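Rule-based calculations on the coordinates, nothing more; no lab input. Quick caveat, the model's predicted, so the values are computed rather than measured. Positions of Cβ are backbone-derived with ideal geometry, glycine not excepted, and every protein chain shown enters the neighbour counts.
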Amino acid sequence: MTELVKKRPEFRNINAFKDLSTYRLPPAGWVSILHRVSGVIMFLLMPFIIWMFDTSVTSEISFGKFKAAFNSGLGFVPGWFIKLVALALIWAYLHHFIAGLRHLWMDARHAVSKEFGKSSAVFTLALSIALTVLLGAKLFGLY
């Protein structure tokens, strides 16, 4: 009694040298990776955050130094670089916050489906980038 058994497909680990260039990560995967990256950025920039807070609230003189650092720079660091670091921090906070709300919503509503995962991931990416561009335009003085 021989039966024709359909061979099941074999799934192996992807090869980092051959497959990564052609592998397409879904939007939920991008949000997951960027959520981790934004957390690391916020952790690494914690001394910068503390410096910004301290110099902005200590006194009027230190607040003037704070504003001057963003306009003309601080020592050998140009002002545009400080603004760029602040913009990275803005993106990291916004993305981490919005992705965190996405995860809380999915946990609270049991909204775990492929369609919702994709649509909420695209919404998270779009909203965090749009808000970053809007706040970046304000930071760089476009309005």
key: Total lysine pairs under 21 Å (Cα atoms) in the chain, excluding pairs fewer than 8 apart on one chain   = 5
request  = May I ask you to compute the full-extension gain from S113 to S72, defined as 0.36 nm times their residue separation minus their alpha-carbon distance, rounded to one decimal in nm?
outcome  = 9.8 nm
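For Cα pairs less than 8 Å apart in space and 6+ apart in sequence, what is the mean separation divided by the residue count of the chain, i.e. the relative contact order in percent?
Relative contact order here is 27 percent.
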key: Orientation-averaged projected area, Cα convex hull of the chain (nm²)   = 15.1
query = For the chain, what are the DSSP H helices with axial Cα length of 20 Å or more and mean Kyte-Doolittle hydropathy of at least 0.5?
reply = 27-44, 79-109, 114-139
query = What order do you get for S32, S21 when you list them from fewest to most C-beta neighbours inside 10 Å?
reply = S21, S32
query = Arranged by the count of other C-beta atoms within 10 angstrom, fewest first, what order do K65, K7 take?
reply = K7, K65
